[in-house]
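Here it is, the structure, as structure tokens.
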Amino acid sequence: MKSLTRVLLSAAAVGAVGLAVFQVHSVYAHHAFGAEFDPNRPLLLKGPVVKVEWINPHTWIHLEVTKEDGKKEVWMVEGGTPNSLLRRGLKRDSIQPGQNIIVDGYQAKDRSNRANGRDITLPDGQKFFMGSSGTGAPYDAPGKDQRK
């Protein structure tokens, strides 16, 4: 009986540690805008979509941007959760590889080719707010435009 109790307690302890690690990872994965992105570095990215990731806690759109010197670079643009984008009218098939899109957003603080997307304009001219609300992003400021 004692060995069964030890096994059950050990299993419970392992489960609790696993849950704690998962929760810590989730907290770090879902961050505030100001933790990674610079509101003073707005940017406009134009180019064809390379890849789209509809994963929680953020969607990611990868697009190829042609610089002024003609060189190409791939940018990763973070958007809101898949559910928030679906509620705003975007569907999984709204953004496809090869489509030319425009993203209005903010560059990462580390100056890498990562950005937080605020608005996305699709090839047909439709514009969607793709940011995550409640993260301190510029549209979250009181009295600011809360586009959908």
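Laboratory data are not the source of any read-out in this text; all were calculated from the coordinates shown. Quantities reported herein were computed from a predicted structural model and do not represent experimental measurements. Using ideal geometry, Cβ is built from the backbone for each residue, glycine included, and neighbour counts are taken over all protein chains shown.
Diagonalise the Cα gyration tensor of the range 33-140 and give the resulting equivalent ellipsoid semi-axes, square root of 5 times each eigenvalue, largest first, whole Å. Write down the numbers at each step before the final one.
Values: eigenvalues 73, 65, 26 Å².
Ellipsoid semi-axes (Å, largest first): 19, 18, 11.
Right, something else. At a threshold of 8 angstrom on Cα-Cα distance, excluding pairs fewer than six apart, so keeping six or more, what relative contact order does the range 33-140 reach in percent?
Numbers: 241 pairs, mean separation 32.6, N = 108.
About 30 percent, as a whole number.
If neighbour count is taken as other Cβ atoms inside 10 Å, put 120, 55 in order from fewest to most. Could the numbers behind the result be given before it?
Values: 120 25, 55 11.
Starting with the residue having the fewest Cβ neighbours, the order is 55, 120.
For residue 40 and residue 93, what does the FRET efficiency come to when R0 = 41 Å and r is the distance between their Cβ atoms, rounded to the nearest 0.05? Please list the in-between numbers first.
Values: r = 35 Å, r/R0 = 0.85.
Step by step, r from the Cβ atoms, then E = 0.75.
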